[in-house]
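Structure, as structure tokens:
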Amino acid sequence: MNGGTRQGIDLTRVLNAPQRRVFAAWTSPEDFAAWYGGEAEVPLDRVSMDVRPGGSWSLVIVMPGVEMPFYGVYREVSEPDGLVLTLKDGSASKEAEGETITVTFTDLGHGTTELAFQQRGGNLTPEQYAAAEDGWEAFFDALAVRLATHP
């Protein structure tokens, strides 16, 4: 492997919401469906979340003519500090571990929270990681709007 090979994604955002509210946005089906997928629709009846270590989560992003399922397992749940979960899409085999998502929520005071996001796994090509990073950026834009409109 050379230095130019991407192994994952690292993003940081400062959100105008308290730490517990940001944690809830990742663990409440209503909130998660509102921002995961960005502009695309995620029907609430297609979201399942069992937020505990070993619990599973799934959702389906619905766009005209296509459905995109995503699912995984919670590895760590540390309310309100963060989560570790796996992520797979509909093309992944049942046996695949999938990508590992680690999100950490740091209380910055004054009702703001730093979201530190990391995706690892080595299951994607550098081009796929770049596309996934663009997707997460759009999701986090939608998350910021959700937190502003549903404090």
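Taken together, the values in this text are just the output of simple stated rules run on the coordinates, not laboratory data. Keep in mind that this is a model prediction, so the values were computed, not measured. Using ideal geometry, Cβ is built from the backbone for each residue, glycine included, and neighbour counts are taken over all protein chains shown.
Restricting the calculation to alpha carbons of the range 1-122 gives Rg and Dmax of 15.0, 44 angstrom. When peptides 20-31, 77-88 are sorted by average Cβ neighbour count within 10 Å, with the highest value leading, the order is 20-31, 77-88. Among T86, W57, Y71, whose Cα lies farthest out toward the positive end of the dipole of the range 1-97, if unit charges sit on the beta carbon of Lys, Arg (+1) and Asp, Glu (-1)? Ranked along the dipole, the leading option is T86. Only the Cβ atoms of Lys and Arg (+1) and of Asp and Glu (-1) were treated as charged; on that basis the dipole of the chain about its Cα centre amounts to roughly 240 debye. Both numbers refer to the Cα atoms of the range 1-73; Rg and Dmax are 15.0, 44 Å.
Normalised by the number of residues in the range 6-151, the average gap of Cα pairs under 8 Å and 6 or more apart makes the relative contact order 31 percent. Karplus-based coupling profile of the range 38-54, in residue order and whole Hz: x, 7, 6, 8, 10, x, 4, 6, 10, 10, 9, 9, 10, 7, 6, x, x, with θ = phi - 60° in 6.51 cos²θ - 1.76 cosθ + 1.60 and x standing for Gly or Pro. For the range 13-25, 3J(HN,Hα) computed residue by residue from phi via the Karplus equation (6.51, -1.76, 1.60; θ = phi - 60°) reads 9, 9, 10, 7, 7, x, 3, 5, 5, 5, 4, 4, 5 Hz, glycine and proline entered as x. Rounded to whole Å, the principal axis extents of the Cα atoms in the range 69-137 read 43, 24, 19, largest first.
Available extension along the chain between R52 and E137 is 28.0 nm, counting 0.36 nm per residue and deducting the alpha carbon span.
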